[in-house]
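Notes to accompany the following structure.
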Amino acid sequence: MSTILHILNGDTLSPRLKDLSINGNIAVWREMLCEGKTIVNLASETFKNTRIAFFKEQYPEQASKYDALFGSQLAIISDAHSYEEIILWFEYDLFCHINMLACISFLKTMNYKGKIHLVCSGWIEGKKQLQGLAQLSNKELQNHYTKKVTLNNHDLFLADDLWRLYCSDNHLKFNPKRAKDSSFKYLSNCISAHKERFPSVRTGLNTLETHLLRLIQKHTIKSISQLCGYMINYQGYYGYGDLQIYRIIKRMDTFYTIENNIFTLTEKAKNVLDNKHNVLTQMKDNSQLGGVYKYEYTYNDDDHQLSKQ
């Protein structure tokens, strides 16, 4: 058996590693722990049942495939003691970073003794936007692998602690400052982005929901797919895919109309953007982010802090 296990953030990287002759066995992390209720212990039946329940409610097509998609890969990672080194391939965004924290916590709970390295994409010299791993050229990907970061004990304890906080019922301590002096270059940005997923104390909409309205206000949007494309391209540190963005667009459908095949904001939406109307009560639902309900907290744009309701 190989002495190296690569844990990839998606299936698209598998053939790329083979093309670059990067040796080792592969496990693919096919979860999206940035959404829905999460449980600390990934090996527990409670975790599995909780996640399947979330997928049944929000992404029913994925629920029946859960064991095949994620359970099979977690089984590979559970055999980590067979490997001398583990290489984590995760991107700069919140989507990947929450998964990464969970993965590291899982390895730490197993008392894994080998070296753990991180290959993380993000800012590339000469590029105007943050780059995902799949966007890198073979040369850039090889360079990232060569310059992979070896995680130290502080990094591992931090990741484990943050994962436990994320799964807890108190996100007030889930603070960007915690990432200071760690090897996780983009972690503080991701934690800040997470805080902005909670509704604004002023408007009742979170940052992405507000951003969607501003895109409609600024651009001539002619289709949901076009709006989705804008959202994906200009979402910053979230890392959401089509499934997540389409859910947001659908949920916001009372804030826009489609007239002559053009998306137009309603008066309610315009008042929200002008800070004249708060829709917190209207938007409230039972969606969860880790261990808390989304509408248990509000986010203050002035001091960038959360408050519990």
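Any idea which residue in the stretch 95-123 is surrounded by the most Cβ atoms within 10 Å (Cβ to Cβ), counting only those that are assigned to a loop (DSSP other than H, G, I, E, B) and aromatic (Phe, Trp, Tyr)? Going through the qualifying residues, I end up with TYR112. Selection of the stretch 75-89 for residues being in contact with a helix residue (DSSP H, G or I) (Cβ under 8 Å, 6 or more places away or on another chain) and in a helix (DSSP H, G or I) yields ILE77, ALA80.
Just one of the listed residues (GLY204, GLY126) is buried (at least 18 other Cβ atoms within 10 Å of the Cβ), in a loop (DSSP other than H, G, I, E, B) and on the phi > 0 side of the Ramachandran plot, namely GLY204.
Consider the stretch 255-292 and keep the residues that are assigned to a strand (DSSP E or B) and out of contact with any Ser or Thr (no Cβ under 7 Å at 6 or more places or on another chain). The one that is farthest from ARG197 (Cα to Cα) is GLU259.
Of the residues ASN278, ASN286, which single one is more than 29 Å from LEU130 (Cβ to Cβ) and crowded, with 17+ Cβ neighbours inside 10 Å?
Working: ASN286 fails: crowded, with 17+ Cβ neighbours inside 10 Å.
None of the other options fit; the residue is ASN278.
Going by the conditions given, is SER183 modelled with pLDDT of 95 or more and surrounded by fewer than 19 Cβ atoms within 10 Å (Cβ to Cβ)? Yes; evaluated as a whole, the condition is true for this residue. Listed by first and then second residue, the pairs linking a residue in the stretch 21-50 that is without any contact (Cβ under 8 Å) to a residue 12 or more places away in the chain to a residue that is in a loop (DSSP other than H, G, I, E, B), with Cβ atoms under 7 Å apart and 6 or more places separating them unless they lie on different chains, are THR46/ILE39; PHE47/ILE39; PHE47/ASN41. Residues of the stretch 234-255 that are free of Cβ contacts under 8 Å to residues at least 24 places away in the same chain and within 23 Å of TYR92 (Cβ to Cβ): TYR234, ASP242, ILE245, TYR246. Summed over the stretch 44-86, the residues that are of a type in the set (Ser, Thr, Tyr), loosely packed, with under 15 Cβ neighbours inside 10 Å and more than 28 Å from SER168 (Cβ to Cβ) give a count of 3. The test for being in the same structural domain as TRP163 (by TED's automatic domain parsing), of a type in the set (Phe, Trp, Tyr), over 21 Å from the mean Cα position of the chain (by Cα) and in a loop (DSSP other than H, G, I, E, B) does not hold for TYR92.
Condition test on ILE4, is it hydrophobic (A, V, I, L, M, F, W, C), surrounded by fewer than 19 Cβ atoms within 10 Å (Cβ to Cβ) and in contact with a strand residue (DSSP E or B) (Cβ under 6 Å, 6 or more places away or on another chain)? For ILE4, the condition - hydrophobic (A, V, I, L, M, F, W, C), surrounded by fewer than 19 Cβ atoms within 10 Å (Cβ to Cβ) and in contact with a strand residue (DSSP E or B) (Cβ under 6 Å, 6 or more places away or on another chain) - is met. For the stretch 130-147, the set of residues classified as surrounded by fewer than 16 Cβ atoms within 10 Å (Cβ to Cβ) and in contact (Cβ under 8 Å) with a residue 40 or more places away in the chain consists of ALA134, ASN138, listed by residue number.
When the stretch 112-140 is filtered for residues that are under 24 Å from MET32 (Cα atoms), at pLDDT 95 or above and out of contact with any Leu (no Cβ under 6 Å at 6 or more places or on another chain), the ones remaining, listed by number, are TYR112, HIS117, VAL119, CYS120.
The values are calculated or read from the model by the stated rules, or taken from the named source; none is laboratory data. Small disclaimer: the values here were computed from a predicted structure and weren't measured. Virtual Cβ from ideal backbone geometry, glycine too; neighbours counted across all protein chains shown.
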